[in-house]
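> Structure in structure tokens, see below.
The values are calculated or read from the model by the stated rules, or taken from the named source; none is laboratory data. Treat the numbers as computed from the prediction; the structure is a model and nothing was measured. Positions of Cβ are generated from backbone atoms using ideal geometry, with glycine treated the same way; all protein chains shown enter the neighbour counts. Ligands, DNA and RNA are stripped out before the accessible areas are found, and what is left, the full protein with its side chains, is counted by its heavy atoms. Shrake-Rupley method; radii C 1.70, N 1.55, O 1.52, S 1.80 Å.
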Amino acid sequence: MTDAQSSSTDFSWTPSEGRAPASRRGHRTRDRILEAAVSVFEERGLVEVTMQEIGQRAGLSSGTVYKYFRDKADIFRFLLTQLRQTISEETTIPLDDDDKLIVRPAVSRFLELYRDNVALYRVWWESLDPQNEFSDVWVEVHEGYRKGFIAALKRGGRTGVTRPDLDVELVAELAVLLFERPTYSRIVLGWDAEIEDHQVSAVTTALLGSGLGATVTG
Amino acid sequence: METSLSPSGEPKGKGMRSTRQVLLAAGLATFARAGYEGARVADISAEAGMTTGALYGHFDGKEALFTELFQQYGDDITRALNDADSLQAQLVQWIDVSRTYSGALRASAGILQRRPEHAAARHRLRETCAGLMAWHMRGPLTQRDARLVARMLIDVLDQYTFMESMGWKEQRRSVDVAAALHGMVLKGVYVP
């Protein structure tokens, strides 16, 4: 989530034999399929969805859908390849002049990314178990974030701003989870609807800043 | 694991675990290994050393067995949070109890988005537990804010123990994990 983002897993979408759109019209058809898939995924996830259903939503025969994608997982693979690119470009947490994390805008961006891609995050989380290519990417993104936090906290350690008693490895892990899971609960599961973004942001900022010690005992 | 799988009201044989408890323990072990979808009724029965018929004699099926396991998890964790005398102790308890039930939690994660009634049960449990944790966050923080913090801590630990159950993370001592998280709540990560 900081600049130490890595992308080591060999995961990407390539059209299978003869499935790449050859014309502008072909591209438009493929986009229509993708759009339909996203809307079906958002409502029902991946497991129970069929190619036929995606075709119906797009107003196309399932034969046409199979012309572009091998199966529904292939469609998700295409969309996840795009999402991963967006994630690596946009979810960074910059450091301020004192080498401290600037958390607040990162929380907003993270929430926004989830909202913009709620269908994909829904399918992604649903696909974590049993372990497969999609959970491998999930873990890889998670590890990328974690390494970023470790680098940022260690940098702060060298300049004396990070708490010296910090278990950096563990805190970096928890920091990533503090972004990932509450956002999942909120955006994908739809919990905590009465809470506003700025409240979530305030807690995250405190836990990755100077804490809530002034307001909490125990 | 034996002690946590002896729910109150469960009829117990003399010194023996009831068939029902053996089946629940087998379900827990099978879910831990294979997740919800990967665990077949035949696998759970085999794990218990029984026939599928014996399992169906006690449960309507896999879902009913899972539901009871999750109920036990909820009972154990609320009891543990009630008994703990500080937020930090509660965090330790959360991790320890969740690890005991890691099979049930792995199964829960697998169906959370597809079974609205299970999602509702899990959400209710989170609310109950957030209330119990918020109670230990005294001071100028309003109860509403304290509950929000508690929910986020629960979410963090839920995901932490889920990743452990998938074998993605090495286990760290629960007191260390709790201390790190509690330290973030109190002091954050930077020197004042």
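> Sum -39500 (n - 2.57) across every DSSP H segment of at least 4 residues in chain A, then divide by the residue count to get the 222 nm mean residue ellipticity, nearest 500.
Numbers: 9 runs with 130 residues, N = 218.
So the helix-based figure for chain A works out to -19500 deg cm²/dmol.
> For B:Asp176 paired with A:Trp13, estimate the spin-label separation in nm (one decimal), with each label point 7 Å from Cα along the Cα-to-Cβ line.
4.1 nm
> Using a Debye calculation, one point per C-alpha and no hydration shell, please list log10 I(q)/I(0) for segment A:1-128 at q = 0.13, 0.23 Å⁻¹ in order.
For segment A:1-128, the Cα-only Debye profile gives -0.62, -1.36.
> What do you get when you divide the Cα radius of gyration of the protein assembly as shown by 2.2 N^0.38 Å, with N the number of residues? Before the final figure, lay out each step's value.
Working: Rg = 22.8 Å, N = 410, 2.2 N^0.38 = 21.6 Å.
My calculation over the Cα atoms of the protein assembly as shown gives 1.05.
> Using only DSSP helix segments of four residues or longer, with each worth -39500 (n - 2.57), what per-residue ellipticity at 222 nm results for chain B after dividing by its residue count and rounding to 500?
Details: 9 runs with 137 residues, N = 192.
Rounded to the nearest 500, it is -23500 deg cm²/dmol.
> If you line up the long axis of helix B:174-187 against the longest principal axis of chain B, both from Cα atoms, how many degrees apart are they, to the nearest 10?
Long axis of B:174-187 versus the principal axis of chain B: about 30 degrees.
> Cα-based Rg of segment B:21-122 per 2.2 N^0.38 Å, rounded to two decimals?
Working: Rg = 14.3 Å, N = 102, 2.2 N^0.38 = 12.8 Å.
Dividing the Cα radius of gyration by 2.2 N^0.38 Å gives 1.12.
> A follow-up question, please. Would you mind listing how long chain B runs along its three principal axes, going by Cα atoms, in whole Å with the largest first?
62, 34, 31
> Estimate the FRET efficiency between A:Asp31 and A:Glu140 by the formula 1/(1 + (r/R0)^6), using the beta-carbon distance for r and 35 Å for R0, to the nearest 0.05.
On the way: r = 27 Å, r/R0 = 0.78.
Between A:Asp31 and A:Glu140 the formula returns 0.80.
> Here's another thing I want to ask about it. How large a share of the accessible area of the protein assembly as shown, in percent, is made up of carbon and sulfur atoms when the probe is 1.4 Å and the other protein chains stay in place? Please report the intermediate quantities before stating the final value.
On the way: 8660 of 17590 Å².
Looking at the protein assembly as shown in its full context, I get 49 percent from C and S.
> With the dipole of segment A:1-159 worked out from charges on the C-beta (+1 for Lys and Arg, -1 for Asp and Glu) around the Cα centre, which of A:Thr92, A:Val65, A:Gln82 lies farthest toward the positive end?
A:Val65
> With chain A treated as a Gaussian network of Cα nodes joined by springs under 10 Å, which of A:Thr81, A:Thr92, A:Thr183 yields the largest mean-square fluctuation?
A:Thr81
> Based on the Cβ-Cβ distance from B:Asn82 to B:Thr19, what FRET efficiency comes out when R0 is 41 Å, to the nearest 0.05? Please list the in-between numbers first.
Working: r = 30 Å, r/R0 = 0.73.
The pair B:Asn82/B:Thr19 has a calculated efficiency of 0.85.
> Here's a follow-up. To test your reading of the geometry: what angle, between 0 and 90 degrees and rounded to tens, separates the Cα axis of helix B:87-100 from the longest principal axis of chain B?
20 degrees
> With a 1.4 Å probe and all protein chains kept in place, how much accessible area does A:Ser201 have, in Å² rounded to the nearest 10?
Roughly 10 Å² of A:Ser201 is accessible to a 1.4 Å probe.
> With an 8 Å Cα cut-off and a minimum separation of 6 or more residues, compute the relative contact order for chain B in percent. Let's see the in-between values first.
Values: 178 pairs, mean separation 40.7, N = 192.
Computed over chain B, the figure is 21 percent.
> Next question, about the same structure. Of B:Ala25, B:Ala64, B:Ala107, which has the largest mean-square fluctuation in a 10 Å C-alpha GNM of chain B?
Among B:Ala25, B:Ala64, B:Ala107, the largest GNM mean-square fluctuation belongs to B:Ala64.
> Another question, then. Equivalent ellipsoid semi-axes for chain A, as square roots of 5 times the alpha carbon gyration tensor eigenvalues: give them largest first, rounded to whole Å. Mind showing how you got there, number by number?
Numbers: eigenvalues 295, 70, 38 Å².
Value: 38, 19, 14 Å, ordered largest first.
> In addition: Please check chain B for the longest run free of GluC sites (Glu not before Pro) that are loop-located per DSSP (anything but H, G, I, E, B) and have at most 15 other Cβ atoms within 10 Å. Could the numbers behind the result be given before it?
On the way: sites that count: B:Glu2, B:Glu170.
With GluC sites (Glu not before Pro) excluded where exposed in loops, chain B gives B:3-169 as its longest stretch.
> While we're on this one: At a Förster distance of 25 Å, what's the computed FRET efficiency of B:Lys169 paired with A:Ser62, Cβ-Cβ distance as r, to 0.05? Numbers along the way, then the final one.
Numbers: r = 40 Å, r/R0 = 1.62.
According to the calculation, E is roughly 0.05.
> Could you give the length gained on full extension between B:Ala121 and B:Ala46, defined as 0.36 nm per residue of separation minus the Cα-Cα distance, in nm?
Details: separation 75, 0.36 × 75 = 27.00 nm, distance 2.87 nm.
Answer, rounded to one decimal: 24.1 nm.
> Angle between the Cα long axis of helix B:143-165 and the longest principal axis of chain B, 0 to 90 degrees, nearest 10?
In chain B, helix B:143-165 runs at an angle near 50 degrees to the longest axis.
> Pick out which of A:Ala119, A:Ala37, A:Ala22 has the largest mean-square fluctuation in a Gaussian network model of chain A, springs linking Cα atoms closer than 10 Å.
A:Ala22
> Along each of its three principal axes, how wide is the spread of alpha-carbon positions in segment A:110-189, in whole angstrom units, largest first?
Cα spread of segment A:110-189 along its principal axes, largest to smallest: 42, 25, 15 Å.
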